[in-house]
1. Within region 164-188, work out how many residues are among the basic types (Lys, Arg) and at pLDDT below 70.
2. So Thr140 clears everything in (1) closer than 12 Å to Thr66 by Cβ; (2) free of Cβ contacts under 8 Å to residues at least 60 places away in the same chain; (3) of a type in the set (Val, Ile, Thr) except one condition, right? Which one?
3. Residue by residue through region 113-131, note down the ones that are over 13 Å from Val20 (Cβ atoms) and out of contact with any Leu (no Cβ under 7 Å at 6 or more places or on another chain).
4. Please count how many residues of region 227-239 are exposed (fewer than 15 other Cβ atoms within 10 Å of the Cβ) and at pLDDT below 95.
5. Find the helices (runs of 4 or more DSSP H) located wholly in region 1-100 whose residues include 3 or more that are modelled with pLDDT of 90 or more and buried (at least 17 other Cβ atoms within 10 Å of the Cβ), and list them.
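The values are calculated or read from the model by the stated rules, or taken from the named source; none is laboratory data. Predicted model only: the values in this text are computed from it and were never measured. Note: ideal-geometry Cβ built from the backbone for every residue, glycine included; neighbour counts use all protein chains shown.
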Amino acid sequence: MSAQASPSSPSAVPPSVQRVALYAVASGLTPLIPVPFLDEYALRRVREQMVRNILRERSFSAPDRTVTVLAGLHPREGSRLQQFAGKAALFSLRLTWRKGFRRLATALWVKDCVDMASLSLHHGYLLQHALDRGDLDARTLATEDVARRVHSAIDAACKELDARPVNQALRRLFAGSRLLLDELSKALENWTGAPRTPKEGEAQEVASLAERLADAMWEERGYFQSLESLYAKHLGGSP
């Protein structure tokens, strides 16, 4: 078999999968901003840009409020004060427990990266599926009502399906990422509370991670078909 599959080949990763994989990786990198509030803001920007670009691919647009609804509100577990206290505690802990600190902090940070990437991956994939089904169109995107129904069905489907197959692939991807490990090492050793600065070559690394993630997603086609079925069940028919 040829190493390069044609666009119509079953082994070729569809552009829609490649698209959400790129935004999933970008979302997964937002926890590397070691500042509460700023990391959440960056995540929201990535998710809203994902929604706008998915709509634009179909020549659709939507008011900002509808985009916000479709992007969803997914803060990390706990209040913002708890999030801040948790990060502050981790960095103060390194002063008294240096040997085990790196292992613990890295594991927690990678999990946060995986969680954020997984949310964007699942929601972006199902948003495209909703558009393909005709659940959203130019008319219904003009208001929040149908968008809220679609988002609720997406959210319910994601909560019902066990995401471990995809999350395990994301964990392997991020745990082996030189970009992520370098940024974690920098934050753990020299944390100043300042936003991170993208390093040279980061765009290429992100693109490479997204390509590998898209390949892994396409190997789990049965998983995403189940996700689509659950979405249809929770939506309860077309708007």
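1. 1
2. (2)
3. The one that is over 13 Å from Val20 (Cβ atoms) and out of contact with any Leu (no Cβ under 7 Å at 6 or more places or on another chain): Asp115.
4. The number of residues fulfilling the criteria is 3.
5. Where helices (runs of 4 or more DSSP H) fall fully within region 1-100 and carry at least 3 residues being modelled with pLDDT of 90 or more and buried (at least 17 other Cβ atoms within 10 Å of the Cβ), they are 15-29, 38-57, 64-71.
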